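Asks: Below you will find the structure I want to go over with you.
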Amino acid sequence: MTVRTAALDEPQHGLTDEVLAQTDVLIWWGHMAHGEVKDEVVDKVYQRVLDGMGLIVLHSAHFSKIFRKLMGTSCDLKWREVARKSASGRRAGPSHCRRAGRVFRIPHAEMYGERFDIPAPDTLVFISWFQGGEVFRSGCCYNRGKGKVFYFRPGHETYPIYYQPEVQRVLVNAARWAAAGSGPQVTFGHRPNPIEKIG
Ligand code: ZN
């Protein structure tokens, strides 16, 4: 895999037509500055997804313009930032991600809780449980046009979550899954000839 970065303060946020055309999978992380992302860039990314580019949306990018546009909902949720060591000295809130009977634990995580205002995922890969009792749909797969979208909840900026091997494994697998051209050839539009002869 060839990996490179694009940042908000670059021209076109680093997402020029040329860069987008060369990108199989775009991984999007954003937090406070979603409103500074230009609509024209969002529209181009949106079109690239419909044309087959994969998109992986991380953590607080649930509120990114591109994810909300692709979902068509508010993408709002409940949250609680749990300090590594709170004033009372209690431990931070961990979360557990569960997939197909396998569980991995993230020692320190921001709580994201339901309801998460997204359309029902085409495939739900991860559910998380947090200390405190909340649960959250943490790994959600969607098809949008010819493109694949994966939302992955872990990734708060003050915890070293992306250094955790299980999380890195998820992201590598997600990139492979979402890569352009990895799925069946999808066609749309008028189809004068049926697949099977009509009786
Ligand atoms: Zn966060």
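The values are calculated or read from the model by the stated rules, or taken from the named source; none is laboratory data. Keep in mind that this is a model prediction, so the values were computed, not measured. Counting neighbours? That spans all protein chains shown, and the Cβs are built from the backbone with ideal geometry, glycine included. To get the accessible areas, we keep the full protein, side chains included, count just its heavy atoms, and leave off ligands, DNA and RNA. Shrake-Rupley method; radii C 1.70, N 1.55, O 1.52, S 1.80 Å.
Asks: Please determine, by comparing only the residues of the range 120-138 that are exposed (fewer than 15 other Cβ atoms within 10 Å of the Cβ) and either at negative phi or touching a residue at least 40 places away in the same chain (Cβ under 8 Å) (or both), which one is nearest to the ligand (Cβ to nearest atom).
Replies: Here is the first cut: in the range 120-138, the residues exposed (fewer than 15 other Cβ atoms within 10 Å of the Cβ) are 120, 122-124, 132-133.
If we keep only those that are either at negative phi or touching a residue at least 40 places away in the same chain (Cβ under 8 Å) (or both) too, we end up with 120, 122-124, 132.
On the way: ALA120: 24, ASP122: 25, THR123: 24, LEU124: 21, GLY132: 16 Å.
Only one residue tops the list, namely GLY132.
Asks: What are the pairs, 6+ residues apart or on separate chains, where a residue within the range 144-156 that is closer than 17 Å to ALA120 by Cβ has its Cβ under 7 Å from a residue that is in a loop (DSSP other than H, G, I, E, B) and away from the ligand (no atom under 16 Å from the Cβ)?
Replies: Here the result reads LYS148/GLY183, each pair linking the range 144-156 to a residue that is in a loop (DSSP other than H, G, I, E, B) and away from the ligand (no atom under 16 Å from the Cβ).
Asks: Which numbered condition trips up ARG4, out of (1) open to solvent by 80 Å² or more (accessible area, probe 1.4 Å); (2) touching a residue at least 40 places away in the same chain (Cβ under 8 Å); (3) among the basic types (Lys, Arg)?
Replies: That leaves (2) as the condition not met.
Asks: How about the range 160-199: which of its residues are among the β-branched types (Val, Ile, Thr) and open to solvent by less than 80 Å² (accessible area, probe 1.4 Å)?
Replies: From the range 160-199, those among the β-branched types (Val, Ile, Thr) are 161, 167, 170, 172, 186-187, 195, 198; that's our starting set.
Hits for the range 160-199 are ILE161, VAL167, VAL170, VAL172, VAL186.
Asks: Of the residues ILE118, ILE27, ILE106, ILE66, which is closer than 25 Å to THR158 by Cβ, modelled with pLDDT of 95 or more and touching a Ser or Thr at 6+ places or on another chain (Cβ under 7 Å)? Walk me through it before giving the result.
Replies: Numbers: ILE27 fails: touching a Ser or Thr at 6+ places or on another chain (Cβ under 7 Å); ILE106 fails: modelled with pLDDT of 95 or more; ILE66 fails: touching a Ser or Thr at 6+ places or on another chain (Cβ under 7 Å).
Going through ILE118, ILE27, ILE106, ILE66 in turn, just one is closer than 25 Å to THR158 by Cβ, modelled with pLDDT of 95 or more and touching a Ser or Thr at 6+ places or on another chain (Cβ under 7 Å): ILE118.
Asks: Would you point out the residue of the range 139-159, among those that are part of a loop (DSSP other than H, G, I, E, B) and within 16 Å of the ligand (Cβ to nearest atom), that is surrounded by the most Cβ atoms within 10 Å (Cβ to Cβ)?
Replies: Residues of the range 139-159 part of a loop (DSSP other than H, G, I, E, B): 145-146, 153-159.
Within this subset, residues satisfying the condition of being within 16 Å of the ligand (Cβ to nearest atom) are 153-159.
Details: ARG153: 27, PRO154: 25, GLY155: 19, HIS156: 20, GLU157: 12, THR158: 10, TYR159: 18.
Applying the filter and picking the extreme gives ARG153.
Asks: Here is a further query. Return yes or no: is PRO165 within 16 Å of the ligand (Cβ to nearest atom) and either of a type in the set (Lys, Arg) or closer than 21 Å to TRP129 by Cβ (or both)?
Replies: For PRO165, the condition - within 16 Å of the ligand (Cβ to nearest atom) and either of a type in the set (Lys, Arg) or closer than 21 Å to TRP129 by Cβ (or both) - is not met.
Asks: Related question: Kindly provide the set of residues from the range 101-124 that are touching a Cys at 6+ places or on another chain (Cβ under 9 Å) and under 17 Å from GLN164 (Cβ atoms), ordered by number.
Replies: VAL103, PHE104, ARG105, ILE106
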